[in-house]
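To start, the structure under review is shown below, and the notes come after it.
The values are calculated or read from the model by the stated rules, or taken from the named source; none is laboratory data. Since the structure is predicted, the reported quantities are computational estimates derived from the model, not experimental observations. Here the Cβ positions follow ideal geometry from the backbone for every residue, glycine too, while neighbour counts run over all protein chains shown.
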Amino acid sequence: MTTPAPAASAPTTKTRVPLWDNARFIAVTLVVIGHSIQRMTGASDGAYTIYLLIYSFHMPAFAVISGYFSKSDAPGPSQLKRVLTDILLPYFIMESIWSVVQFLVEGRQDFNPTKPSWTLWFLLALAIFRLVLPCLALIRFPLAWAVLLSIGIGYMSNVDNTFALSRTFGILPFFVLGWKLKQWGLIDRWNEASARASLSVRGCAIVVLGAWLAVIILNADDFRGMSLQHWFFFDDSYAAMDANPWWAGAARLGVIVLATVLIAAFLVLVPRVNTPVTSWGQATMYIYLLHTFVLYPIRESGILQGADPPALLLPGMILAAIAISLTLGTPIVRRVFRPLIEPRASWLFVTKDGLSKP
């Protein structure tokens, strides 16, 4: 999802860093792949393996990227306006559209903006992150407090998906980690690292991802039996997952540590130079919000839920997901859907004299 870069302190235009645009596009494509194969995971070990690999780090990676470009200053009028226009207004627009679609297709009549539909929860999470970060920045060890909050929220059964609070506070440590990465200057140092040093680090990253993939393959049946994927969603309390209270908090800490290691491996493998898809990294909001409408009829048709899926269905859906990402990031799609994804809302705000803008 495209995250606005910090405002420049000088009138000169800041140069975009290819690493982040590449990371955004790859991460959002992983989202599309995960959603495209989700209905196949019950019958296909291959689909479940890929799904578990993706979900173990992809949304935390988005939170890290968003946190990197976020400010910890107390939000002024301009920042609050951006929260409203860039996040909350698109949320209400897309939530309304989803309600209409579900009414027409499924007959559902439960429009409730407090319960985000499908992928829309992350928009609410971004809005809450932006408002919470200035508070965390005032205290010592904000990252440690964010981790404790994530672990502790799992013990509260009354914190659910209302306003996406369970997921928001569950992945809060990754947003704070992204903000701290900016302060530590680690990404700048990585971008300046020599080719020889980069090669060895990337070799370690491949080993890490390969080792985790091997663990999933060897334990796929056990992981499916324990519904390991639900731990990566961060949307259920420990009680809802039938987890024993005495070890549940430690398990979430383990999930956080695992995701952090995988995100590090992911980021060092992302190309640091311009690639053919770098420009697509500026359109991830479009891909993220629109791909669900493309996948919805496919998922609801039942063709992905057969007990014995054809061998080519899995690679076919992965290729289709990549094609969907590339298509939705094109200039023509952005131009057509800009009023929905990036609405102009000057009419929403008052002027200095207290009157609404025309």
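Quick look at the numbers
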{"quantity": "Pair list, Cβ < 6 Å and 6+ apart or interchain, from the stretch 64-82 residues that are under 15 Å from L143 (Cα atoms) to residues that are in a loop (DSSP other than H, G, I, E, B) and among the small types (G, A, S)", "calculated": "S72/A137"}
{"quantity": "Filtered residue count, the stretch 144-180, keeping only those that are β-branched (V, I, T), under 27 Å from W20 (Cα atoms) and in a helix (DSSP H, G or I)", "calculated": "3"}
{"quantity": "Selection status of W98, closer than 30 Å to W247 by Cα, of a type in the set (A, V, I, L, M, F, W, C) and touching a helix residue (DSSP H, G or I) at 6+ places or on another chain (Cβ under 9 Å)", "calculated": "no"}
{"quantity": "Failed condition for A195, given (1) modelled with pLDDT under 95; (2) surrounded by fewer than 14 Cβ atoms within 10 Å (Cβ to Cβ); (3) among the aliphatic types (A, V, I, L, M); (4) farther than 25 Å from D21 by Cβ", "calculated": "(4)"}
{"quantity": "Matching option when the condition is more than 19 Å from the chain's Cα centre (by Cα), closer than 30 Å to P297 by Cβ, crowded, with 17+ Cβ neighbours inside 10 Å and of a type in the set (S, T, N, Q), among S99, S166, S117", "calculated": "S99"}
{"quantity": "Test for L262: is it crowded, with 19+ Cβ neighbours inside 10 Å, touching a Phe, Trp or Tyr at 6+ places or on another chain (Cβ under 8 Å) and not aromatic (F, W, Y)", "calculated": "yes"}
{"quantity": "Neighbours by Cβ (under 9 Å, 6+ apart or cross-chain): first from the stretch 92-106, within 12 Å of S117 (Cα to Cα); second among the small types (G, A, S)", "calculated": "M94/S117; E95/S117; W98/S117; S99/S117; Q102/S117"}
{"quantity": "Residue count for the stretch 221-233, restricted to those that are surrounded by fewer than 17 Cβ atoms within 10 Å (Cβ to Cβ) and among the aliphatic types (A, V, I, L, M)", "calculated": "1"}
{"quantity": "Test result for Y288, within 27 Å of P18 (Cα to Cα) and among the aromatic types (F, W, Y)", "calculated": "yes"}
{"quantity": "Residue within the stretch 217-233 that is outside any loop (DSSP other than H, G, I, E, B), of a type in the set (A, V, I, L, M), under 15 Å from Y68 (Cα atoms) and without any contact (Cβ under 8 Å) to a residue 60 or more places away in the chain present", "calculated": "no"}
{"quantity": "Every residue from the stretch 13-48 that is farther than 23 Å from F69 by Cα and among the basic types (K, R)", "calculated": "R39"}
{"quantity": "Members of the stretch 257-305 that are closer than 18 Å to I54 by Cα, in a helix (DSSP H, G or I), of a type in the set (A, V, I, L, M) and touching a residue at least 12 places away in the same chain (Cβ under 8 Å)", "calculated": "L258, A259, V261, L262, I263, A264, A265, L267, V268, L269, I287, L295"}
{"quantity": "Evaluation of V132 against (1) part of a loop (DSSP other than H, G, I, E, B); (2) farther than 29 Å from P271 by Cβ; (3) among the hydrophobic types (A, V, I, L, M, F, W, C) (one fails), failing number", "calculated": "(1)"}
{"quantity": "The one condition in (1) in contact (Cβ under 8 Å) with a residue 40 or more places away in the chain; (2) exposed (fewer than 15 other Cβ atoms within 10 Å of the Cβ); (3) not in a loop (DSSP other than H, G, I, E, B) that G316 fails to fulfil", "calculated": "(1)"}
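Conditions tested, residue by residue: (1) surrounded by fewer than 17 Cβ atoms within 10 Å (Cβ to Cβ); (2) small (G, A, S); (3) farther than 24 Å from S96 by Cα; (4) in contact (Cβ under 8 Å) with a residue 12 or more places away in the chain.
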position: L124; (1), (2), (3), (4): no, no, no, yes
position: R130; (1), (2), (3), (4): no, no, no, yes
position: C135; (1), (2), (3), (4): yes, no, yes, no
position: I139; (1), (2), (3), (4): yes, no, yes, no
position: A144; (1), (2), (3), (4): yes, yes, yes, no
position: V147; (1), (2), (3), (4): no, no, yes, yes
position: S150; (1), (2), (3), (4): no, yes, yes, yes
position: I153; (1), (2), (3), (4): no, no, yes, yes
position: D160; (1), (2), (3), (4): yes, no, no, yes
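So that you can scan it fast, the table gives a plain yes or no per residue for (1) modelled with pLDDT of 95 or more; (2) of a type outside the set (D, E, K, R); (3) touching a Lys or Arg at 6+ places or on another chain (Cβ under 6 Å):
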{"residue": "D110", "(1), (2), (3)": "no, no, no"}
{"residue": "S157", "(1), (2), (3)": "no, yes, no"}
{"residue": "T168", "(1), (2), (3)": "yes, yes, no"}
{"residue": "F174", "(1), (2), (3)": "yes, yes, no"}
{"residue": "L177", "(1), (2), (3)": "yes, yes, no"}
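Matching residues to (1) assigned to a helix (DSSP H, G or I); (2) touching a residue at least 40 places away in the same chain (Cβ under 8 Å):
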site	(1), (2)
K182	yes, yes
A193	no, no
A197	yes, no
W247	yes, no
